[in-house]
Amino acid sequence: AKPQLAVVGATGAVGSVLLGILSERADIWGEIRLIASPRSAGRKLTVRGAEVEVVALSEEAFDGIDVAMFDVPDEVSAQWVPVAVSKGAVVIDNAGTFRLDPDVPLVVPEVNAHAARVRPRGIIASPNCTTLSMIVALGALHAEYGLSELIVSSYQAVSGVGKAGVDTLRAQLSAVSGTELGTTPGDVRRAVGDTLGPFPAPIALNVVPWAGSLQEDGWSSEELKIRDESRKILGLPELPVTATCVRVPVITTHSLTVHARFENEVTVGGAHEILAAAPGVVLSDDPAEGEYPTPADVVGTDPTWVGRVRRSLDDPRALELFVCGDNLRKGAALNTAQVGELVAAELQG
Ligand code: 2RA
């Protein structure tokens, strides 16, 4: 029999994208049960072309479920993932709660699919969207050249903080459009007034060097996630990683500049070959023709897009890259769906 799937957080930003992805991909699931907070119970959502009624999160909601995909805040995941596991489900969790637990594999199918089979707690974690937006390309380069250091800067879209982020950018854009703002200190800030929403500074006509919460010594949670998660996924616990995370006025699709240093000398031609052949990666790198990825072109697509591949001028072992990935698709929902497919194949095999 086909495995029974539950989607927990079906009505959220990532949940909605996940229902679309489950409808597009091979139909490997028996029932797809939609679960959300009691306040969303009773709503009807479309999945695989049919309307399905959302049920409230409860212990009974997991009856008969083989695989549960969670797209909920950390505290909801901490409370309910163990419940789903106790009811016999394998959980694929998108929250930060279990990602660094040594008994929970952190899986990106193109990079470390093998890790999904060893899950002592019955949980598989899916990485943060910023890590996911670059790691498929880096995994391919690492497999060939051996990664020895990573320095990245992110250019993160506002949908990374959910609907409030998107609503805030849209409201601020209408407050500044058709004006002469952006020419004197504070003029944009005054125009957007108290509509900063989830951001610490105006996000329209601006870039903000901050994403996530404040951690020790001035680092942001988002920067530490890139470091910790990349190390775990690549199996390089000592890898030197430095990240600076920046929010930009883009709705969806995170971008990163990457300085990647390797054990061995690299060439642009070699890197092009590896990236062009890597599953889940699209190489778009012809600057003479104005060809490189941008969020406006990448949004809504599945792969990790890579361009601006250069060998570092002062280091024959290092590459510079520009990478874009849709933070709601590969950055969240798609990776969850792909991990689910690995588990389903295993349960049926
Ligand atoms: C962000 N990566 O973009 C985060 C969401 N987990 O804010």
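With the requirement that a residue be of a type outside the set (A, V, I, L, M) and part of a loop (DSSP other than H, G, I, E, B), what does segment 53-94 give you? Break it down into steps so the answer makes sense when it comes.
Going residue by residue through segment 53-94, those that are of a type outside the set (A, V, I, L, M) are 53, 58-60, 62-64, 66, 70-71, 73-75, 77, 79-80, 82, 86-88, 93-94.
Those that are of a type outside the set (A, V, I, L, M) and part of a loop (DSSP other than H, G, I, E, B): SER58, GLU59, ASP63, GLY64, ASP66, ASP71, PRO73, LYS87, GLY88, ASN94.
If I ask for residues that are within 16 Å of the ligand (Cβ to nearest atom), part of a loop (DSSP other than H, G, I, E, B) and aliphatic (A, V, I, L, M), which ones from segment 96-114 would you list?
Selection gives LEU100, VAL108.
Considering LEU150, LEU169, LEU173, which residue is in contact with a Pro (Cβ under 8 Å, 6 or more places away or on another chain), of a type in the set (A, V, I, L, M) and within 16 Å of the ligand (Cβ to nearest atom)?
Details: LEU150 fails: within 16 Å of the ligand (Cβ to nearest atom); LEU173 fails: within 16 Å of the ligand (Cβ to nearest atom).
On inspection, the qualifying residue turns out to be LEU169.
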Scan segment 336-348 and give yes if some residue there is in the same structural domain as HIS114 (by TED's automatic domain parsing) and within 16 Å of the ligand (Cβ to nearest atom), otherwise no. yes
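When you look at VAL72, is it crowded, with 21+ Cβ neighbours inside 10 Å and under 16 Å from LEU334 (Cβ atoms), yes or no?
Details: crowded, with 21+ Cβ neighbours inside 10 Å: yes; under 16 Å from LEU334 (Cβ atoms): no.
When the stated conditions are applied, VAL72 does not pass them.
When residues of segment 136-164 are filtered for being more than 16 Å from the chain's Cα centre (by Cα), within 30 Å of GLU110 (Cβ to Cβ) and assigned to a helix (DSSP H, G or I), how many remain?
Start the filter on segment 136-164 by keeping residues that are more than 16 Å from the chain's Cα centre (by Cα), which leaves 140-151, 164.
The next check asks that each one be within 30 Å of GLU110 (Cβ to Cβ); those that pass are 140-151.
Add one more test, that the residue is assigned to a helix (DSSP H, G or I), and what stays is 140-145.
Adding up the residues that qualify gives 6.
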Restricting the search to segment 207-232, which residues are in contact with a strand residue (DSSP E or B) (Cβ under 9 Å, 6 or more places away or on another chain) and outside any helix (DSSP H, G or I)? VAL207, VAL208, PRO209, TRP210, ALA211, GLY212, SER213, LEU214, TRP219, SER220
State which residue pairs qualify: first residue free of Cβ contacts under 8 Å to residues at least 60 places away in the same chain and inside segment 302-315, second residue in a loop (DSSP other than H, G, I, E, B) and acidic (Asp, Glu) in any location, beta carbons under 6 Å apart, and separation of 6 or more residues or different chains. GLY307/ASP285; VAL309/ASP285
Can you list the strands (runs of 3 or more DSSP E) found entirely within segment 1-52 that contain at least 2 residues being over 16 Å from ASN335 (Cα atoms)? 32-36, 44-47
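The values are calculated or read from the model by the stated rules, or taken from the named source; none is laboratory data. All figures in this text were calculated on a predicted structure; none of them were measured in a lab. Positions of Cβ are backbone-derived with ideal geometry, glycine not excepted, and every protein chain shown enters the neighbour counts.
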